[in-house]
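One structure is given here, and the rest of the page talks about it.
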Amino acid sequence: MSVPETATQRLSRLLTMVPWLLNRQGVDIEEAARELGVSQEQIVDDLQLLFVCGTPGHYPDDLIEASWEDGRVHVGNAKEIARPLRLGRDEALALIVALRALAATPGVGASDAIERALAKLEDAAEAGGVAAGQVSVSLEVGESEQQRLEQIRQALAGPHRVHLRHYNATRDETTERDVDPMRVVSLEGRWYLEGWCHRAQDVRLFRLDRIEDLAVLDEDGTPPERARPRATGSTAFQGSPQDVLVELELAPRAAWVAENFPMESVERREDGSLRVTLRAADPAWVQRLVWRLGGAGTVTSPPELAAETRAGADLALQFYPLH
């Protein structure tokens, strides 16, 4: 099963494709598809998209022109895209910071290419009066996390499988797993190991500061072909179609829940109460959250989870003396 292409991936390809076609007017569409690594159908779809692309505020005269009816591709009115990229001061500094952070991240491939790009960018920035030398990036971690990073770097270089003991705060349990490391990512100020978990038979994230023990095994740690990175956003949470869609009613004093957990939707009322929906891989976690709210939260859907949550609360109340 193919992985759907993201909008970012398509934009990246279009920004590469347009200058390439401009310098090869009349190229055969079959050759263009082969050189750009996509199908002929994808080339046609991209060219059709270019028809509605151009400089804002000057439509339709500044829309990109494209034709391919005779099997040969011609592109025009796209010189703006083909011009060399010129970065402003803030853009240059932001890119330098991002590249330095990337270079310091364990498990990132093409480190030589990153260092070369960073050196060229720093030289250009200094020539343009941008004080790149005054910018520093610190990705500080604790001593135990640093040890884990070094072990994971060793495992990725193998590649070797790792055996780890990990504490799951959501379920309040510690499990042992064999994992084929894929990469290390920093999300929301925390370091995570992303890899193929043999226990779950899926890709999982493991927070480094919650890995109680880790050992690099003398076994091949190449992830299976079906393993795909999940942590592509700025948050560690990645929903799944198998997750349960839960609806909660929250009193005003429980509004913090909507601000601290990923939500599918949030409806705020004038009295400060909320109706929220979220996805949960483990419904038991939702039960513990609602019990923790002490009456300020209620499960309204799905009905079976609402009934189980009420039953659990009633059972707990039986152990308290009533006066």
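Brief remarks on what is shown
- Residue ranges of strands (runs of 3 or more DSSP E) in the stretch 164-224 with at least 1 members open to solvent by 40 Å² or more (accessible area, probe 1.4 Å) and farther than 30 Å from Trp291 by Cβ: 173-187, 211-220
- Residue check for Arg275: without any contact (Cβ under 8 Å) to a residue 12 or more places away in the chain and closer than 19 Å to Val257 by Cα: no
- Residue match in the stretch 2-9 (condition: in a helix (DSSP H, G or I), modelled with pLDDT of 65 or more and surrounded by 15 or more Cβ atoms within 10 Å (Cβ to Cβ)): no
- The C-beta contact set for the stretch 295-323 (first residue at positive phi, second residue open to solvent by less than 70 Å² (accessible area, probe 1.4 Å), distance under 8 angstrom, 6+ apart or interchain) comprises Gly295/Ala251.
- Among the residues of the stretch 243-263, those that are part of a loop (DSSP other than H, G, I, E, B) and open to solvent by 50 Å² or more (accessible area, probe 1.4 Å) comprise Phe261, Pro262.
- Residue count for the stretch 287-323, restricted to those that are in a loop (DSSP other than H, G, I, E, B) and in contact with a helix residue (DSSP H, G or I) (Cβ under 7 Å, 6 or more places away or on another chain): 2
- Condition met for Ala284 (open to solvent by 20 Å² or more (accessible area, probe 1.4 Å) and assigned to a helix (DSSP H, G or I)): yes
- Residues being hydrophobic (A, V, I, L, M, F, W, C) and open to solvent by 30 Å² or more (accessible area, probe 1.4 Å) - total across the stretch 264-274: 1
- Only listed residue being modelled with pLDDT of 90 or more, of a type in the set (A, V, I, L, M) and under 19 Å from Leu293 (Cα atoms), chosen from Val257, Val276: Val276
The values are calculated or read from the model by the stated rules, or taken from the named source; none is laboratory data. Predicted model only: the values in this text are computed from it and were never measured. Glycine also receives a Cβ, built like all others from the backbone with ideal geometry; neighbour counts cover every protein chain displayed. Side chains included, ligands, DNA and RNA excluded: accessible areas come from the protein's heavy atoms. Shrake-Rupley method; radii C 1.70, N 1.55, O 1.52, S 1.80 Å.
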